[in-house]
Amino acid sequence: MIRKQDIKRISDVKWEIPKSYRDDMRVPVQIFADERLLEAALGDKSLTQAVNASTLPGLVSHIIVMPDVHQGYGFPIGGVAATKLPDGVISPGGIGYDINCGVRLLSSLIPLDAAEPFLDDLATSLYANCPSGVGVKGSVRLSLKQLEAVCRIGSEWALKNGYARAEDLPSTEEGGKVPGADPSAVSERAMARGRPQLGTLGAGNHFIEIDVVEEIYHPEGARAMGLLEGHLALQIHCGSRGFGHQVCSDYVRELQGAVRRYGIQLPDRELVCAPLSSPEGKRYLAAMTCAANYAFANRQVLAHHARRAFEQVLAGKTRDFDLHQVYDIAHNMGKIEEHVVDGQKIKVCVHRKGATRAFGPGFPGLPEKYRAMGQPVLVPGSMGTASWVLLGTEESMTQSFGSSCHGAGRVMSRKRAKKSIRGDALRSKLQAQGIRIRARSMPGLAEEAPHAYKDVDAVVDVVVKAGIAKKVAKLRPLVVIKG
Amino acid sequence: MIPYYTENVGELPFFEVEHTADWALRINAPNMESMLLNAAIGMYQLMEVKTGNQKENDQSIEIKAHDREELLVSWLEELLFNLETREVVLDINDIEMINEYSVKAQVIARPVKSMEKQIKAVTYHGLQIEQTENGIRATVVFDV
């Protein structure tokens, strides 16, 4: 285990594990954390996993660790790694099984006091309209041909089929369509899992949440995003469902052979990888892109269902019941991007696993309305705590490959969480705080108890102090739908 | 399905171990067949899957791998795939190693009545099948 004395302090919120810590490290590990969050990270294997990730061939600069880091498998959750093209590697385990797991935020002109009498009905309607839970199938049943189209064009498929508005797409990372998808790189098994699941939430830590905008910190940013203090907003957190899980499983297995063929030595088999220039690396990237596009379409269909739920409950009761897309971001993704490393602009594959892209002002790919201020960064809390809306900064481009944190980050195991509180008791406790819960599984709810997570406010304070994001607005939960 | 206990009293066939974000299952078994059987039952228990005695069909499954760890992961993935796409638990009637890294099992597919939790995937993280005094041991981390 890594000890605190192995870590060099760079500032109050930045630390480094030097390359000399272990012989097989290719780059140092930089950690964004305050003293308390660093202690929390030392409490599990997350930093050892970051050191393991630092052994991948072709890495540039540093492995970056976010303040919400926690132990995952292979890479830690809350890690960023950039590998240089053409011969650096791509690692499915560095992106995760839930490819393009991410968050979508929608704003509204609905004041809380007007909506308050209808929040229970909204909770019930969202729960009914947005299929959630284990193994649940959606209302959209895709033919193989339709699924291939979803793979290629993501949110655009949703637009063509009546599940999106034209203005939703520019407010989605990559416009909801990452280029380079090749459905022929996806297995039949993944296709079989993906066909019935579009427009479903899933289980685990995925959720739909109605919030109230509690506080604005950046009026100009909030205005551009349509966030008004005291008004409702909606978050959707989910990913590529069984489709993405199968794509990752297939390639983690396939690349076990690739590491032998390319003579790559790894400290953990979950870190399997292949050079981006190799046939195996290219195929994985093409398949991963299919899953990324599936996830964008999935959140888009869920947003459509959420709009319908709001209309069913609020039409004729509040002056406005519409939901407007603020942004949709990925936090489990591998992206080919240009970054400046050692004074030179180079192409890299940025692996973000439990980390959000946080591009600063002026960067290509940002929608017009955010180009001058940077992209929205969505940091959901933990059911009973605040969520944050941030903005990417120029410094995030120089310090963290244009990345920031993605959530509160777990600190307690699922096993201990469910021993600490029963699901029904947790639901009552949250309801007493004015948070309405709809959940398929009570044991599943208990595993997601807010006290199993770190303090999201402390996490956000670190990224702000480090300069890799700016605060825009704080959201308070009112309704939580869990799988 | 009944798990296969090792001779050593107190060494459970499987149990959950601490993991911050996901689930980890420690599995003990006297041999590879029992390792696969115990891992299957342990995984179904983690997900709190319930079936009745109804039977969808009898079938045979065969998994081939390049090493024992890959065999264990691929075996559990096969069960997960059937659980998600067919909504069945594969109740293992008979299981036999064909060679060091391949297994054949006779199973009864039983429709799922209820399931509380989801496993996204079976990972290779830190996976090593180790020799113990009474058999073999592995710790499988599941992404949930």
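Calculation over all alpha carbon pairs of region A:394-483 in 5 angstrom steps from 0 returns a P(r) of 3, 13, 18, 19, 16, 11, 10, 7, 3, 0 percent. Each label point was placed 7 Å from the Cα along the Cα-to-Cβ direction; for A:Glu39 and A:Asp182 their separation is 5.1 nm.
Computed from the Cβ-Cβ distance with R0 of 51 Å, the FRET efficiency linking A:Lys137 to A:Ser277 stands at 0.85.
Site-free segments of chain B were taken between trypsin sites (Lys or Arg not before Pro) in DSSP loops having at most 15 other Cβ atoms within 10 Å, sites themselves excluded; the longest one is B:87-144.
Taking every alpha-carbon pair under 8 Å whose residues sit at least 6 apart, region B:23-143 reaches a relative contact order of 37 percent. Hey, could you get me the Stokes-Einstein D for the protein assembly as shown, Kirkwood radius over alpha-carbon pairs, 20 °C and 1.002 mPa s, rounded to whole µm² s⁻¹? In µm²/s, the coefficient rounds to 88. Sequentially through region A:67-75, phi angles give Karplus couplings (6.51, -1.76, 1.60; θ = phi - 60°) of x, 8, 4, 8, 5, x, 9, x, 6 Hz, Gly and Pro residues having no value and appearing as x.
The residues A:Asp121, A:Asp322, sorted by heavy-atom accessible surface at 1.4 Å with ligands and nucleic acids left out, run A:Asp121, A:Asp322 from largest to smallest. With a ≥ b ≥ c taken as the square roots of the eigenvalues of the C-alpha gyration tensor of region A:1-109, please select rounded if a/c is under 1.5 and otherwise prolate if a/b is larger than b/c or oblate if it is not? Oblate, because a/c is 1.5 or more while a/b does not exceed b/c. Using the alpha-carbon positions of region A:229-387, Rg (one decimal) and Dmax (whole number) come out as 19.7, 66 Å. Neighbours of A:Ser278, meaning other residues whose beta-carbon lies under 12 angstrom from its beta-carbon, give a summed charge of 0 when Lys and Arg score +1 and Asp and Glu score -1. In percent, rounded to a whole number, the relative contact order of chain A is 22, using alpha-carbon pairs under 8 Å and six or more apart.
Across region B:20-115, the convex hull enclosing all Cα atoms gives 104 Å³ per residue. For a distance above 28 Å, tell me the whole-number percent of Cα pairs in region A:28-184 that qualify. That tail contains 47 percent of the Cα-Cα pairs. Direction-averaged projected area, Cα convex hull, region A:1-57: 3.5 nm², rounded to one decimal. Count Lys and Arg as plus one, Asp and Glu as minus one, and take only other residues whose Cβ is under 9 Å from that of A:Ile153; the net charge is then +2.
Comparing region A:91-198 with the 2.2 N^0.38 Å rule of thumb, its C-alpha radius of gyration ratio is 1.28 (two decimals). Placing one equal scatterer on every Cα of region B:95-144 and applying the Debye formula, the log10 ratio I(q)/I(0) at q = 0.14, 0.16 Å⁻¹ is -0.65, -0.83.
The values are calculated or read from the model by the stated rules, or taken from the named source; none is laboratory data. Here the structure is a predicted model, which means the values were calculated and not measured. Note that we place each Cβ from the backbone using ideal geometry, even for glycine, and neighbour counts take in every protein chain shown. Ligands, DNA and RNA are excluded from the accessible area calculation, which covers all protein heavy atoms including side chains. Shrake-Rupley method; radii C 1.70, N 1.55, O 1.52, S 1.80 Å.
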